[in-house]
Amino acid sequence: MTDHQPKGLPAPLRFLAKPLPLLPVGTILSLAVRRLAARRPGVFDRIGPYRTCRFRIAPVDLDFDFLLVPDGTRARVDTIPRRARVASDVEIGGPLVDLLGLLDGTLDGDALFFTRTITVRGRTDAVVALRNAIEDAELKPADLLGLTGRLGTTADAVILKAIALLRRLATEPSGRESADPPGGSSPSITPFGSRS
Amino acid sequence: MSLELVCPAGTPSALRAAVEAGAHSVYCGFRDETNARNFPGLNFSPDELVDGIRFAHRHGAKVLVAINTFVRAGHPTAWIKALANAEGAGADAVILADIALLDHAKRHHPSLRLHLSVQAAAATPEAIQFYAEAFDVKRVVLPRVLSVEEIAALAKEITVETEAFVFGGLCPMAEGRCSLSSYATGKSPNLTGVCSPPEHVTYTDDAEGTTAKLARFTIERFGAGEPAGYPTLCKGRFIAEGKTGHWFEDPVSLNAAELIRPLAKAGVTALKIEGRQRGKGYVAEVVAAFRAAVDAIAAGRDDPDTAKRLAGLTEGGKQTAGAYKKTWR
C-alpha cells in the first residue's frame, strides 16, 4: 500500500477560484455545451441513453463541484457547493488538472483510475459512456466556446497554454499540495491537439 | 522482414491516433454485440468505419474488423450484417471466431480475408489447420497460453500466419474464466461481447478504503492509494483457506516488449496490442513505443527500453511476460 494523495492546485490558485460559483459559471458552461451539441450532435449520440444522467464532477482542489446533464441541446451545467447533498447518478472526483486532462484527451482515464488519481462512484456504465464519448470528441476549448477560424485557433493556443501552466504549477514541488501518485506523476500521454 | 504491428481502436479518434502513431494495422468493431468489446459509448457505426478505413488506407495502414463473438442461436442477423458492412467499408480482413460465421463468410464473402480470433482459442496445429483448410483462414491470433518455444514449434506445423499479443490484457479465454462474468451478471463476454458489464460494477467507500463489486459479488477492496485493476471477477482478490490473494489471475498487464526478437524468430507475423476500451492517449503512447521497438529490432538495434517506457500504463502498475515465459515450470 502507498500513501497516495492526488495532486492539487497551489493554494493561491485555489483562493482565486473561490468566488467562481458566485459568477454565472453554470449558465456559461450550459450554453457552451448546448452550442457544442448543436454543432456536433454525434458526440452526444455516443453517450446514448446516459445523456439524461446527472454527472457530479468533483475537483478535489476546489470548494465547489459541477453537476452536468449532457442532454445535447438541453444540456445543463450547475455549480454546487462541495458538500452539498444533491442527487446524482455518478460522481467523478480528482484533481482539477487531471479532470481537465480527461476532457482534452491528454490523460488516459483508465491509467488515472489504476493509480487512484481519480475516483468514480455511482453508475459505472454512465461513466464509461461519457468517457468514451469525450475520448472520441477530441474537444478543444474553441469547440466549447463556439469559436472557429483564426479566433478559435488563438483561443485554443492561449487556453491550452494556460492549462499546461496550471498542470506544471500543480506538479512542481513548490506548488504541490500533496504527493505524486504511486509510480510517479500522472501518466501523461499525447499533447492536446497534436493533430490539429 | 519487419513485424506487423496490430493496434486497437475503440473509437474513430483512437483509430486516427493509432495510425498516426505508426500502426501497420488497426482492429476495431461495430457498436453492438458482434464484437468482444461491447461497452457503452465504444466502437464504430458503419459510416464511421467507412471513414476510418479511408483514413487508414490514405496513411498506408490496414483495418481489421473484429466480429469475434459467437452468434446468438437463432438470431444471426447482426453478425451477417456486420460481415457485409465490413466488406462494404473496404476492411482488409475480418477477425472471426464462430464456425458458422466463418462458413458464412467463406461462402458469401469469398474475397474477404479471414483471421481467426483469439476467442476461438485455437492453440494446436490440428485446430489451426482445421480452420485453415475448412474456411481458408489466413491468420490465427494465438491464445495467451503459449510460451515462445511452443509458438516456434507450432509455427513450423501450420500454413497460416500467426499474430501474438504483446501488451495489455492477459485474458486467456481458453479455459473458461470468462464464465465467471457470465455467472455473476447473466451477460457473456463471448456472446454479448462484454466482460464485467459496467452496469453491474459498483465502487463504494468506507473508512478502510474502496470496495469494488460485480453484481452481488465483492471482488476487491483497495486501501487508500493502493493501485486498482479492472473490476473483473477473474482478477478479484479473495480469501480461501485463510489466505488472501488473486487466486484466479493477477491484475497485471502483459508486456512482451523484450520478447519481440524471440517472437520474430519463432515465426510470428504480427504483434497485437490489446486495449480497445482504452483511451486514445494510451493507444498513441503504446503504439509509438512498440513501433519504435519493432523498427529498432528490424534494423538490428536493441529494444529502446519499451517495457520501462510503458510501465505507467499497465494495469495495477504491474507487468509480466505471462505465458511467453512459463517461469512456474
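Residues in region B:185-220 that are surrounded by 22 or more Cβ atoms within 10 Å (Cβ to Cβ), β-branched (Val, Ile, Thr) and modelled with pLDDT under 90: how many?
1
Which one is nearest to the chain's Cα centre (by Cα), of the residues in region B:15-43 that are charged (D, E, K, R) and assigned to a helix (DSSP H, G or I)?
B:Arg16
So which residues in region B:256-267 are in contact with a strand residue (DSSP E or B) (Cβ under 8 Å, 6 or more places away or on another chain) and open to solvent by 10 Å² or more (accessible area, probe 1.4 Å)?
Result: B:Leu259, B:Gly267.
With the condition kept exactly as written, say whether any residue in region B:132-140 is under 18 Å from B:Leu5 (Cβ atoms), in contact with a Phe, Trp or Tyr (Cβ under 6 Å, 6 or more places away or on another chain) and not assigned by TED's automatic domain parsing to the domain that holds B:Gly193.
No: zero hits.
Would you mind telling me which numbered condition in (1) in contact with a Lys or Arg (Cβ under 9 Å, 6 or more places away or on another chain); (2) more than 15 Å from B:Gly193 (Cβ to Cβ); (3) not acidic (Asp, Glu) B:Ile95 fails?
(2)
Can you tell me which residues in region B:89-100 are under 20 Å from B:Val6 (Cβ atoms) and either hydrophobic (A, V, I, L, M, F, W, C) or in a helix (DSSP H, G or I) (or both)?
Once the filter is applied, which keeps residues that are under 20 Å from B:Val6 (Cβ atoms) and either hydrophobic (A, V, I, L, M, F, W, C) or in a helix (DSSP H, G or I) (or both), region B:89-100 yields B:Ala89, B:Ala91, B:Ala93, B:Val94, B:Ile95, B:Leu96, B:Ala97.
I'd like the residue in region B:122-154 that is small (Gly, Ala, Ser) and closer than 25 Å to B:Val287 by Cα and, out of all such residues, is least open to solvent (accessible area, probe 1.4 Å).
By that ranking, first place goes to B:Ser147.
Given the options B:Leu83, B:Leu102, name the one that is within 22 Å of B:Ala134 (Cα to Cα) and out of contact with any Leu (no Cβ under 6 Å at 6 or more places or on another chain).
Matching residue, one of B:Leu83, B:Leu102: B:Leu83.
Considering A:Arg76, A:Arg82, A:Arg123, A:Arg131, which residue is touching a residue at least 24 places away in the same chain (Cβ under 8 Å), more than 14 Å from chain B (Cβ to nearest Cβ) and closer than 25 Å to A:Arg40 by Cβ?
Criteria check complete, one pass: A:Arg76.
Scanning region B:20-42 for residues that are within 18 Å of B:Val166 (Cα to Cα) and surrounded by 24 or more Cβ atoms within 10 Å (Cβ to Cβ), which turns out nearest to the other protein chains (Cβ to nearest Cβ)?
Only one residue tops the list, namely B:Cys28.
For every residue, the table says whether it meets (1) within 14 Å of chain A (Cβ to nearest Cβ); (2) in contact (Cβ under 8 Å) with a residue 24 or more places away in the chain; (3) over 26 Å from B:Arg291 (Cβ atoms).
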{"site": "B:Ile151", "(1), (2), (3)": "no, yes, no"}
{"site": "B:Thr159", "(1), (2), (3)": "no, yes, yes"}
{"site": "B:Phe167", "(1), (2), (3)": "yes, yes, no"}
{"site": "B:Thr185", "(1), (2), (3)": "yes, yes, yes"}
{"site": "B:Ser188", "(1), (2), (3)": "no, no, yes"}
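Could you tell me which of the residues A:Asp104, A:Asp98 is among the acidic types (Asp, Glu), in contact with a strand residue (DSSP E or B) (Cβ under 7 Å, 6 or more places away or on another chain), under 19 Å from A:Pro141 (Cβ atoms) and in contact (Cβ under 8 Å) with a residue 40 or more places away in the chain?
Checking each option against the conditions leaves just A:Asp98.
Check A:Ala162 against each of (1) in a helix (DSSP H, G or I); (2) surrounded by fewer than 18 Cβ atoms within 10 Å (Cβ to Cβ); (3) at pLDDT below 70 and name the one condition it does not meet.
(3)
Could you check, for region B:195-202, whether at least one of its residues is at positive phi and either outside any loop (DSSP other than H, G, I, E, B) or outside the structural domain of B:Val26 (by TED's automatic domain parsing) (or both)?
Yes.
Name every residue in region B:231-249 that is surrounded by fewer than 16 Cβ atoms within 10 Å (Cβ to Cβ) and in contact with a strand residue (DSSP E or B) (Cβ under 9 Å, 6 or more places away or on another chain), in order of residue number.
B:Phe238, B:Ile239, B:Thr244, B:Gly245, B:Trp247, B:Phe248
Would you point out the residue of region B:292-315, among those that are open to solvent by less than 10 Å² (accessible area, probe 1.4 Å) and away from chain A (no Cβ under 14 Å), that is modelled with the lowest pLDDT?
Within region B:292-315, the match that is modelled with the lowest pLDDT is B:Thr306.
Would you mind finding the one in A:Arg56, A:Arg34 that is more than 28 Å from B:Ala284 (Cβ to Cβ), touching a strand residue (DSSP E or B) at 6+ places or on another chain (Cβ under 8 Å), open to solvent by 10 Å² or more (accessible area, probe 1.4 Å) and modelled with pLDDT of 90 or more?
Exactly one of A:Arg56, A:Arg34 is more than 28 Å from B:Ala284 (Cβ to Cβ), touching a strand residue (DSSP E or B) at 6+ places or on another chain (Cβ under 8 Å), open to solvent by 10 Å² or more (accessible area, probe 1.4 Å) and modelled with pLDDT of 90 or more, namely A:Arg56.
Does B:Glu163 satisfy the condition of being within 14 Å of another protein chain (Cβ to nearest Cβ), open to solvent by less than 60 Å² (accessible area, probe 1.4 Å) and of a type outside the set (S, T, N, Q)?
no
Please tell me if B:Leu116 is open to solvent by less than 10 Å² (accessible area, probe 1.4 Å) and either more than 19 Å from the chain's Cα centre (by Cα) or not assigned by TED's automatic domain parsing to the domain that holds B:Glu163 (or both).
No: the conditions fail for B:Leu116.
Here is a list of conditions, (1) open to solvent by less than 10 Å² (accessible area, probe 1.4 Å); (2) in a loop (DSSP other than H, G, I, E, B), and B:Val71 meets all of them except one; can you say which number that is?
(1)
When the residues of region B:234-291 are narrowed to those that are within 14 Å of chain A (Cβ to nearest Cβ) and acidic (Asp, Glu), which ends up nearest to B:Lys62 (Cα to Cα)?
Here the residue is B:Glu274.
The values are calculated or read from the model by the stated rules, or taken from the named source; none is laboratory data. Note that the structure is predicted; figures quoted are calculated from it, not measured. Counting neighbours? That spans all protein chains shown, and the Cβs are built from the backbone with ideal geometry, glycine included. SASA here: full protein model, heavy atoms, side chains in, ligands and nucleic acids out. Shrake-Rupley method; radii C 1.70, N 1.55, O 1.52, S 1.80 Å.
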